[in-house]
Amino acid sequence: MGNLENDKQKKIQEIVSIIKLASLLFSGIIFLRYFFNGNDLMKATEETYYNPFLYFSVILVLILVLIYFIWSFSTIKKIKCKYINNIQLMENALFVLLFIILVLYSGKNTSDYKFIFLFIIIASTIQQGMKQGMIVACVASLFILGLDLIYAPNEVVNQFFSNDLILSGVFILTAWPLGFYVKIENEHIRVLEGLANIDGLTGIYNHRFFYDALGEIMKICERENKVVSMMLLDIDYFKVYNDVNGHQMGDEVLKNIGFILKNSFRKDDIVARYGGEEFAIILPNTSETNAIKLAEKLRNKIEKTYFSGEENQPNGKVTVSIGISTYPDKAKDAIELFKSADDALYRAKFFDKNRVESYTSILDELKIDTEDEHIDIITSIKTLISVINAKDKYTYGHVERVVIYSKLLADKLELNEKNKKDLIFGAYMHDIGKINIPKEILNKNMPLTNEEWEIMKQHSVNGVEIVKSVESLKEIIPLILHHHERYDGRGYPDNLKGNDIPYLVRMLTVVDCFDAMTSSRPYNKRKTYAEAVEELKRCRGTQFDKDIVDAFVEVIMESQNGFGNVGA
């Protein structure tokens with residue numbers, strides 16, 4: 001909506017510029033006409049021609065016309081100027097001063113050109129509203145009436161004063177109704193903007209405005225090299241609340257949280273309802289550290305607020321989970337900023353809820369335990385994964401979710417720290433070989449042909465080629481190479497069977513397939529968590545290791561209440 005507002009201001013500026021240019025040209029004509037006073041140019045006296053005041057006046061008017069002509073063509077820059085209101089006030093004051101000089105020059109109280117103040121009264125009213133227009137009208141009225149009292153104080157019937165009193169009324173009546181019209185028009189526009197930009201239920205910005213604002217803010221911060229933090233907030237167990245208390249009470253919760261959000265941030269921060277029970281906040285010029293402090297304060301405030309019916313919630317309170325990311329430290333553009341904040345939110349929802357999570361990358365953690373000579377390679381791998389994310393819109397969320405599932409499953413099966421670390425790193429990089437798969441195959445909306453499927457199957461071998469040069473990653477090569485093996489020996493690339501498949505690989509296969517089943521794919525219908533659990537159980541002993549499936553099903557069932565709201 002910012003673009004629409006700029007377009008409106010530009011059109012207003014164009015109208016005002018035309019009025020002011022016309023008034024400048026008209027002023028020049030008045031100066032010349034009054035100076036020659038109706039005499040034929042050829043009959044003007046030599047004294048008249050060489051009057052320095054004439055030359056000064058003509059040159060002044062020409063300069064003013066030229067300056068304003070150039071000025072009027074810089075409308076776009078003026079609209080974006082930080083001090084536009086002050087500039088407009090100074091501009092209007094200069095025009096008033098020019099017209100005062102013109103009236104004094106053309107006869108003072110006897111001047112026939114006092115009406116010229118109408119130009120600036122109309123222009124200032126259109127540009128800045130009724131208040132400014134009335135001020136200019138009152139200044140002009142006091143000036144012309146003051147001239148009459150100063151230059152004809154002793155006349156019994158001051159005809160000029162009577163006429164100028166009427167003219168002053170015209171000034172006031174021009175500014176007043178026109179100002180009301182401008183005010184009504186602006187209010188009407190604000191109502192329309194509200195309908196377009198404001199969420200009707202919560203009273204904060206809506207999804208559409210959020211994306212418009214994000215684009216504008218990111219452009220400014222990229223240009224000025226400033227930071228931007230994003231906060232995504234989701235109400236925990238909101239489906240449970242609606243099911244128990246009804247959707248009307250659920251709407252009241254959304255309204256109250258919207259009110260809390262609206263009053264918890266700065267004027268320049270963008271607070272929006274992103275969708276359903278999820279809210280988004282854009283925080284310009286805010287570091288990750290400060291964003292975390294604000295998020296924790298907000299989370300605590302909502303937890304302590306009483307919501308009717310909250311005692312029926314699984315944790316006895318209405319709570320929220322919050323994910324945070326920051327540009328440019330954690331994301332290179334607006335898309336990555338949102339995705340990384342969404343990933344942080346997913347982690348917050350997954351790990352007990354009612355918490356704040358900041359985005360972290362597994363590869364950043366890996367750098368800590370990597371020898372110096374391999375740091376550059378790790379950084380390159382991170383870049384490759386970013387490229388894959390850009391090529392395959394499915395891979396980004398899939399990899400991050402598989403990492404989270406792997407952590408939980410590792411804890412459930414009580415893996416030691418080394419095995420847990422290897423599983424997590426393998427989960428993060430298991431699809432890295434997709435860098436060599438054509439985008440057309442990765443995002444194809446129909447089932448792959450046999451030839452395309454053979455190309456797709458090469459991604460596990462390709463992945464090994466990428467990481468094998470890094471000594472610290474050699475332990476995870478089996479996970480990258482064999483994560484598509486099946487327990488019954490019908491997988492690829494080596495048709496490994498049963499316990500011949502490394503234990504960590506069997507774990508990764510279960511969580512990888514579970515997320516594939518419960519995620520939107522180009523040609524597969526997304527399964528619910530319950531349906532995916534049943535599919536895992538059905539394939540125990542054939543596609544998957546039975547004991548691992550049983551453990552993972554327990555993990556899912558323990559966290560199932562929260563899954564319905566994750567990323568909603």
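Numbers for the structure displayed
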quantity	calculated
Test result for F265, in a loop (DSSP other than H, G, I, E, B) and either within 15 Å of the chain's Cα centre (by Cα) or surrounded by 13 or more Cβ atoms within 10 Å (Cβ to Cβ) (or both)	yes
Subset of the range 293-333 (residues that are touching a Ser or Thr at 6+ places or on another chain (Cβ under 6 Å) and surrounded by fewer than 20 Cβ atoms within 10 Å (Cβ to Cβ))	E303
Total residues in the range 441-475, condition modelled with pLDDT under 90, among the hydrophobic types (A, V, I, L, M, F, W, C) and in contact with a helix residue (DSSP H, G or I) (Cβ under 7 Å, 6 or more places away or on another chain)	7
The range 442-486, residues that are assigned to a loop (DSSP other than H, G, I, E, B) and open to solvent by 60 Å² or more (accessible area, probe 1.4 Å)	N445, M446, P447, T449, Q458, K468, S469
Residue, nearest to the chain's Cα centre (by Cα), within the range 408-417, restricted to residues that are open to solvent by 40 Å² or more (accessible area, probe 1.4 Å) and at pLDDT 90 or above	D411
Among residues of the range 244-272, those that are touching a residue at least 40 places away in the same chain (Cβ under 8 Å) and under 18 Å from Y306 (Cβ atoms), counted	14
Lone unmet requirement of (1) within 18 Å of E400 (Cβ to Cβ); (2) surrounded by 17 or more Cβ atoms within 10 Å (Cβ to Cβ) for S519	(2)
Residue match in the range 229-238 (condition: open to solvent by 30 Å² or more (accessible area, probe 1.4 Å) and polar (S, T, N, Q))	no
Residues that are under 38 Å from the mean Cα position of the chain (by Cα) and more than 22 Å from K457 (Cβ to Cβ), drawn from the range 489-519	T518
Any pair with Cβ under 7 angstrom, 6 or more apart, that starts in the range 283-295 at a residue that is within 11 Å of S325 (Cβ to Cβ) and ends at one that is surrounded by fewer than 17 Cβ atoms within 10 Å (Cβ to Cβ) and not small (G, A, S)	E288/D329
Matching residues in the range 85-105 - criterion: being open to solvent by less than 30 Å² (accessible area, probe 1.4 Å) and either farther than 16 Å from L145 by Cα or aromatic (F, W, Y) (or both)	Q88, E91, N92, F95, L98, F99
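The values are calculated or read from the model by the stated rules, or taken from the named source; none is laboratory data. Small disclaimer: the values here were computed from a predicted structure and weren't measured. Using ideal geometry, Cβ is built from the backbone for each residue, glycine included, and neighbour counts are taken over all protein chains shown. Accessible surface is based on the protein model in full, side chains and every heavy atom, while ligands, DNA and RNA are left aside. Shrake-Rupley method; radii C 1.70, N 1.55, O 1.52, S 1.80 Å.
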